[in-house]
Amino acid sequence: MTRLSVNINKVATLRNARGGSIPDVQRFAADCERYGAQGITVHPRPDERHIKYSDLLPLKNIVQTELNIEGYPSEHFINIVLDIKPHQVTLVPDAPDAITSNAGWNTVEHQHFLHDIIIRFKNAGIRTSIFIDPITERIVHAQQTGTDCVELYTEAYAVNYSINREKAIENYVQAAATAHAHGLFINAGHDLNLENLKFFNERIPHLDEVSIGHALICDALYYGIENTIQMYLQQLK
Ligand code: PXP
């Protein structure tokens, strides 16, 4: 079964809006796991507007499933991740002021850059993933970077799902087949929600993990986090 990793950045954003420690991000992470999430994802950004770097170690100590830390691999980010040693790191090519991740790696152009970074994480025993658009050539080059996984950037799928879901999924099916043939694990994320997740999971064989934040936390406002996690897990069955 595809694992659900809950991205809790939005919970930190809510906390930061008031200062202080409500809602408690660590407790929220532990509760997500208690309600069935198989992973917790955080994406610290240089301005720390959501998850703060100081949240990472307490989260590492509390998360029992898989802690996935995402981010642009600046030297600062690399050193913190090497220090914390999460189960997985996902490298994302986002600019420091990006509102949210808005592109995958060009692995043809950045193959050597990624390779040199990935080797450092692998030597530390941290599983690596790189955020990537569903483009066959880029998936093939992803393997050359030495990464364990690719995370397919699903915004285009989500945008086109309501127009023509068969067409929307085409590139992802191809990309996933290529990734699997090249021995890469397959993660996916961005704009996945209760409407489009089931079809994505059904059509992408070997989908290992999805990381979902925005829609899941918004759904939790209506259904509560326990119900919401159950509803997402249901889509992945
Ligand atoms: N994957 C990556 C690399 C991301 O940056 C994000 C958003 O922080 C997600 C997945 C999750 O996207 P969403 O919040 O739209 O579910």
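The values are calculated or read from the model by the stated rules, or taken from the named source; none is laboratory data. Values in this document were obtained by computation on a predicted structure and should not be read as measured data. Methodologically, a virtual Cβ is constructed for each residue, glycine included, from the backbone with ideal geometry; neighbour enumeration extends over all protein chains shown. Heads up: the accessible areas ignore ligands, DNA and RNA and are worked out on the full protein's heavy atoms, side chains in. Shrake-Rupley method; radii C 1.70, N 1.55, O 1.52, S 1.80 Å.
For segment 1-33, which residues satisfy the criterion of being among the hydrophobic types (A, V, I, L, M, F, W, C), within 16 Å of the ligand (Cβ to nearest atom) and either open to solvent by less than 60 Å² (accessible area, probe 1.4 Å) or modelled with pLDDT under 95 (or both)?
Of everything in segment 1-33, those that are among the hydrophobic types (A, V, I, L, M, F, W, C), within 16 Å of the ligand (Cβ to nearest atom) and either open to solvent by less than 60 Å² (accessible area, probe 1.4 Å) or modelled with pLDDT under 95 (or both) turn out to be L4, V6, I8, V11, A12, V25, F28, A29, C32.
Determine whether I130 is more than 15 Å from the ligand (Cβ to nearest atom), open to solvent by less than 70 Å² (accessible area, probe 1.4 Å), modelled with pLDDT of 95 or more and not basic (K, R).
It is false that I130 is more than 15 Å from the ligand (Cβ to nearest atom), open to solvent by less than 70 Å² (accessible area, probe 1.4 Å), modelled with pLDDT of 95 or more and not basic (K, R).
For segment 98-122, which positions are open to solvent by 30 Å² or more (accessible area, probe 1.4 Å), within 19 Å of A179 (Cα to Cα) and of a type in the set (A, V, I, L, M)?
A103, V108
Is it true that D94 is touching a Phe, Trp or Tyr at 6+ places or on another chain (Cβ under 8 Å) and charged (D, E, K, R)?
yes
Of the residues Q38, Q88, only one is of a type in the set (S, T, N, Q) and under 15 Å from I229 (Cβ atoms); which?
When all the criteria are applied, what remains is Q38.
Run D55 past the list (1) touching a helix residue (DSSP H, G or I) at 6+ places or on another chain (Cβ under 8 Å); (2) of a type in the set (D, E); (3) open to solvent by 60 Å² or more (accessible area, probe 1.4 Å) and report the number of the one that doesn't hold.
Status for D55: all satisfied but (3).
Can you find, within segment 61-112, the residue that is modelled with the highest pLDDT among those that are over 16 Å from D133 (Cβ atoms) and hydroxyl-bearing (S, T, Y)?
T65
Being in contact with a helix residue (DSSP H, G or I) (Cβ under 8 Å, 6 or more places away or on another chain) and charged (D, E, K, R) is the filter; apply it to segment 149-192 and report the residue that is farthest from the ligand (Cβ to nearest atom).
Filtering segment 149-192 for residues that are in contact with a helix residue (DSSP H, G or I) (Cβ under 8 Å, 6 or more places away or on another chain) and charged (D, E, K, R), the one farthest from the ligand (Cβ to nearest atom) comes out as K167.
Any residue in segment 216-234 that is within 11 Å of the ligand (Cβ to nearest atom), within 20 Å of V92 (Cα to Cα) and open to solvent by 40 Å² or more (accessible area, probe 1.4 Å)?
Within segment 216-234 (the criterion being within 11 Å of the ligand (Cβ to nearest atom), within 20 Å of V92 (Cα to Cα) and open to solvent by 40 Å² or more (accessible area, probe 1.4 Å)), the answer is no, since none of the residues qualifies.
Kindly check whether there is at least one residue in segment 197-206 that is more than 14 Å from the ligand (Cβ to nearest atom), without any contact (Cβ under 8 Å) to a residue 40 or more places away in the chain, closer than 22 Å to H43 by Cβ and open to solvent by 70 Å² or more (accessible area, probe 1.4 Å).
no
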